[in-house]
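Structure record follows, encoded as structure tokens.
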Amino acid sequence: MTMQLRCRCGKLRGQVDTARVAARAVCYCKDCQAFGRFLGPGALDAAGGTEVAATLPAAVRFDSGLEHLACMSLSPKGLYRWYASCCRTPVGTTPRDPRTSYVGLIRACLDVSPEQMDRELGPVRSHVNTASATKPVTSGGVATFGVVARVGMMLLKARLGGGYRDNPFFEPRSRTPVKPVQVLSLEERKALTR
């Protein structure tokens, strides 16, 4: 089954293979919050969280508007954070090394209702880095362990089976991102951190 990937204005479009999504979680870390502030209003939930669907890059396919895909990093060694430049919709987060076959797709780019998300991907199973939340939220507890285990197995299978090579965020057989990476300066990053 596939789920539509779409930026807010509809210029960037794609699909996600829902069978390959390992879990859903909400992250409240300072970096996710800084990325949300970089993008502008509507990128974070009311408590400063970012809902992500953990999956393999190979589960993602862009159908149109790839010219609008953009990438930034909060620091010279930070994660790659992908978004649609046309309307600043967050898309996902990937490691810098594509051999770690992971993308945390951000809920804002998935064009489905909350009910369809729950039906196709299961409920949000974990809330992580809750100490950084801007409002009280419940920590993930034991559920977080299950999420980490599922994601770990997904990464291991992709690495051993070679599935990590199919990655729409990187040039084929390369560690080069498909788009230039805007790396924020320390001053720019500090301006986004509260």
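The values are calculated or read from the model by the stated rules, or taken from the named source; none is laboratory data. Please read all numbers here as calculations on a predicted model, not as lab measurements. Using ideal geometry, Cβ is built from the backbone for each residue, glycine included, and neighbour counts are taken over all protein chains shown. Ligands, DNA and RNA are stripped out before the accessible areas are found, and what is left, the full protein with its side chains, is counted by its heavy atoms. Shrake-Rupley method; radii C 1.70, N 1.55, O 1.52, S 1.80 Å.
Points to keep in mind about this one:
- For segment 9-91, trypsin sites (Lys or Arg not before Pro) are listed when DSSP marks them as loop and at most 14 other Cβ atoms sit within 10 Å of their Cβ; the list is 77.
- Taking N as its residue count, the alpha carbon Rg of the chain over 2.2 N^0.38 Å: 0.96
- Applying a length cut-off of 15 Å (Cα extent along the axis) and a mean Kyte-Doolittle floor of 0.0 to the DSSP H helices of the chain leaves 142-161.
- When the Gaussian network model of the chain links Cα atoms closer than 10 Å, the mean-square fluctuations of 132, 85, 174 top out at 174.
- For the pair residue 160 and residue 145, label points projected 7 Å from Cα toward Cβ lie 2.2 nm apart.
- Distance cut-off 20 Å, percentage of C-alpha pairs in segment 7-71 lying past it: 42
- Against the rule of thumb 2.2 N^0.38 Å, how large the Cα Rg of segment 83-151 comes out: 1.29
- Estimated inter-spin distance, residue 134 and residue 19, nm [label 7 Å along Cα→Cβ]: 4.0
- Low-density loop cleavage sites - trypsin sites (Lys or Arg not before Pro) in segment 141-180, where at most 15 other Cβ are within 10 Å (DSSP): 173, 175
- MRE, 222 nm, helices only [DSSP H, n ≥ 4, -39500 (n - 2.57), over the chain, to nearest 500]: -7000 deg cm²/dmol
- Computed over protein heavy atoms with a 1.4 Å probe, the accessible surface of the chain works out to 49 Å² per residue.
- Sequence-distant contacts, meaning Cα pairs under 8 Å at least 6 residues apart, place the relative contact order of segment 68-194 at 28 percent.
- Segment 125-194 pair-distance distribution - Cα-Cα, 5 Å bins, rounded %: 3, 13, 11, 12, 13, 17, 21, 9, 1
- Normalised size of segment 64-122, defined as Cα radius of gyration per 2.2 N^0.38 Å with N residues, equals 1.26.
- Once the Cα-Cα distance is subtracted from the 0.36 nm per residue extended length, the residue 67 to residue 186 segment shows a gain of 40.1 nm.
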